[in-house]
Each structure stands twice: as structure tokens, then as C-alpha cells.
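Colleague: Here you go, one structure.
The values are calculated or read from the model by the stated rules, or taken from the named source; none is laboratory data. Because the structure is predicted, anything quoted here is derived from the model rather than measured. Positions of Cβ are backbone-derived with ideal geometry, glycine not excepted, and every protein chain shown enters the neighbour counts.
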Amino acid sequence: METLLLTEKETEQAARLLRGGRLVGIPTETVYGLGADGLNPMAVRAIFQAKGRPQDNPLILHIPEAGWLERYCRDIPPAAWTLAERFWPGPLTMVLSCKRRTARELEELKNSPVCSRTHFGPRVIPDEVTAGLDTVGMRCPAHPLCRAVIAAAGVPVAAPSGNTSGKPSPTSARHMLADMEGKIDAVLDGGPCAVGVESTILDLTCTPPRLLRPGGITLEQLEEVLGEVAVDVAVRRQLGEGERPRAPGMKYRHYAPRAPVTVVKGDPERAAAYIREHLSRTRWDGVICFEEFLPLFTGGDVTRPVMSLGPAADKAEQARRVFDALRAMDGTDVKRIWCQCPDDGGLGLAVANRLNKAAGFHIVGV
Ligand code: AMP
Ligand code: MG
């Protein structure tokens, strides 16, 4: 299939494709998403196929305004409304209990002609979105083009990140096409993503609320509103053999370029010196480092792939660049990647989480 690259003037066409059950790459402020009509089980199944995504990894549902929560969720705690007021539209996903159909609605569906071809469970949102869980991840995105498409489509849009499963997330239309050309109907070009890492996922079905994935809204921002926030162990370390993940997505390999990654964590000067010392003197070792340390790794007699994460003190820039830096390494023939990493404060928690996962938690402390 030919994948169309749509411009902002063609938002209506993107919405029409979504309504027709097709897949469209859509820009959001976090990363590009692979969108489908979240109420159409067949369309949602096609997302899993295009990405090669495991069936038990649920999707986030994107809505145009907080008011839509009541259509799909039940037992919504007051904290959800407070958070929506403060952070929506924006990079926060709330995990809430999924609304259930009434017995009558189920009976009506059973007799509908569509039902013979697709599966409708007791939940208002198809099981294909929730992976059969009793909860659903909900987000109201801020990117103006994304909002325009969702509003024009008039349906909640199910969208995971638009990468092939396991690979770094796409932060530009070019990245999206690199993974999805020929597999989906269109990509809507909304420019580079302003945040660059995925949304923060917060589970509001437990007390205290639990951070499942650090992202564009920081833990400190959440704590300011909620007081106590639990941080899931899987955010900072790899789960052990017998440990069960809180959310299905946590158990999968993520964000990984082809070559193995080693993260060097600690004081930036010391980390850069450590990498310089352990780096092979061949072009087979790539480096992702903070801007100020570029001269340590460029120049000299070996030309190796080196990518800047941005200045050591600018975590927002690091978030914008992290996936592009990881992806760029796949365009080279490096056999190993060394990587500097910010501390866990603010957006650093999200950047470090993505790098640690890309490294399969192969981390050296200095
Ligand atoms: P992606 O958009 O590909 O980065 O993936 C979306 C993430 O949201 C995955 O890690 C899912 O496991 C997570 N997610 C979606 N829905 C839920 C849910 N109901 N409960 C917990 N996590 C969820
Ligand atoms: Mg993803």
C-alpha cells in the first residue's frame, strides 16, 4: 500500500481515513502515534499487526476533552478531574476503570450485523484496546493538529507510539515513515515533537496513585497536585524473574537500537571520562553524550558516530533528542553504543528510563 504524507491542510483527509477504519500516523506533542478509531476493533487489531506489537500490551485512548472520560470510564476519582484541569491537554495518561455495557446494550450488540465479524466484550471500549483489562489509559493531547484530527474524526483515537515494536519511538514524520511506509494509509506531518518522550502514565485505580511510566509531566509536578505518588519499581530497574509487571507494557524490551547500549550514569565529567577511557579505538563504538563533551569523542584519528543529547543541564532538550540519537545509531554500522545519562530529577527520570530500557538496564555507575 502507498503511504500518503499529509500536510496540515489535509487534516480532514486524515480524519476521514480514521473514520473509515484506516491507520494514520499522527503527530502529538510527545511522540508520533499510530492512530486508529478506538471504537473499531478491526482497525485497532491492524495497529498491532503494523507494529508487530504483542496482543497483551494495551493502547492509550486519545480524547479531545476531559468531558469524554465519562463516556468510557467509571468510578472516576476526584483526583482525575483535578489532574485533567491542571495538565490537560498535555502529556499525561490516566489509567482509570473501564465503563461496562448494560445487559441490554450487550443483547443489542449480539443482534447487530457488525458483531458477527468482530468481538464486542462487556466493556464499552473494545478488548482490543484494553487487552482485556478492566482499566483503560486515557489522554487528551495538546498538539494542535492532533486535536484537530481527533475532533474532526469524532471518535476516541487509540494510538501507541508509531515505531515498530521494540524500536525507539518516532519524533518526526520521517521517523514514522521509516518504520511504517507501506504498512499504513497515511502519516500526518506535524513537525518535530515538542516533548520528545511519551506521556507520563499514572494509575489512578489504586491509592496512592502509581507512576507506571515517567514522561512529559514530571513526578514532582504530580506530587505537587496529589501529595503522595507511588513509583512503580519497573520505572527504575528491570523486573526480576518471578516479578509480575503492574502494566503489561512494562515487561517488553523497548526503545532499543540494533547495537547493544551501555549507559554510564553519574557526574557528567566523570561519566564522559569513563567512556573516553573504555571506548574502543575503532569506529565500531558509537557515543551519545552531552553537548559539552562532544570534543572528547570527535576529531582525532578515528571517525565514529557521535550524537549529542543536548547540554547536560537541559533535560527538556535531552527528552527531545533522545529517540533521534538512538535511531541515528541504527543508520550506522556500530557494534556498541556508549551513552551518558541525566540524573532522575524532573524530566531526567523519563530520559533515564528510556535510555536504561534501550540498554536493557546495562548500567555502569561512576
Ligand atoms: P506506547 O504508546 O506504545 O508507548 O504504549 C502505551 C503504554 O500504555 C504501554 O506501555 C501500555 O502498557 C500502557 N497502558 C495502556 N493502557 C493501560 C492500562 N489500562 N493499564 C496500564 N497500562 C496501560
Ligand atoms: Mg511505545
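Colleague: Determine whether the range 66-87 contains at least one residue that is of a type outside the set (D, E, K, R), assigned to a loop (DSSP other than H, G, I, E, B) and under 27 Å from Ile184 (Cβ atoms).
Modeller: No, the range 66-87 contains no residue that is of a type outside the set (D, E, K, R), assigned to a loop (DSSP other than H, G, I, E, B) and under 27 Å from Ile184 (Cβ atoms).
Colleague: Would the range 107-124 turn up any residue that is in contact (Cβ under 8 Å) with a residue 12 or more places away in the chain, closer than 20 Å to Cys140 by Cα and within 20 Å of the chain's Cα centre (by Cα)?
Modeller: Checking the range 107-124: not a single residue is in contact (Cβ under 8 Å) with a residue 12 or more places away in the chain, closer than 20 Å to Cys140 by Cα and within 20 Å of the chain's Cα centre (by Cα).
Colleague: When the range 239-279 is examined, which residues are found to be outside any helix (DSSP H, G or I) and within 18 Å of the chain's Cα centre (by Cα)?
Modeller: Those that are outside any helix (DSSP H, G or I) and within 18 Å of the chain's Cα centre (by Cα): Pro245, Arg246, Ala247, Tyr252, Arg253, His254, Tyr255, Ala256, Pro257.
Colleague: Name the residues in the range 288-312 that are aliphatic (A, V, I, L, M) and touching a Lys or Arg at 6+ places or on another chain (Cβ under 6 Å), would you?
Modeller: Leu296, Val302, Leu309
Colleague: Which of the residues spanning the range 131-146 are assigned to a helix (DSSP H, G or I) and either surrounded by 23 or more Cβ atoms within 10 Å (Cβ to Cβ) or among the charged types (D, E, K, R) (or both)?
Modeller: Within the range 131-146, Cys146 is the sole residue that qualifies.
Colleague: Taking the range 147-174, which residues are assigned to a helix (DSSP H, G or I), of a type in the set (Lys, Arg) and surrounded by 18 or more Cβ atoms within 10 Å (Cβ to Cβ)?
Modeller: Arg147, the sole residue that qualifies.
Colleague: Moving on. Can you run down the residue pairs with Cβ atoms below 6 Å, 6 or more apart or on separate chains, where the first is in the range 189-213 and of a type in the set (Val, Ile, Thr) and the partner is modelled with pLDDT under 95 and within 13 Å of ligand 1 (Cβ to nearest atom)?
Modeller: Hits for this filter: zero, empty list.
Colleague: Looking only at residues that are surrounded by fewer than 21 Cβ atoms within 10 Å (Cβ to Cβ) and of a type in the set (Gly, Ala, Ser) in the range 206-233, which one is nearest to ligand 1 (Cβ to nearest atom)?
Modeller: Ala230
Colleague: Taking only pairs six or more apart or across chains, which ones have beta-carbon atoms under 6 Å, a first residue in the range 128-155 that is farther than 15 Å from Glu10 by Cβ, and a second residue that is acidic (Asp, Glu) and within 16 Å of ligand 1 (Cβ to nearest atom)?
Modeller: Cβ pairs passing all conditions: Ala131/Asp56; Ala142/Glu29; His143/Glu29.
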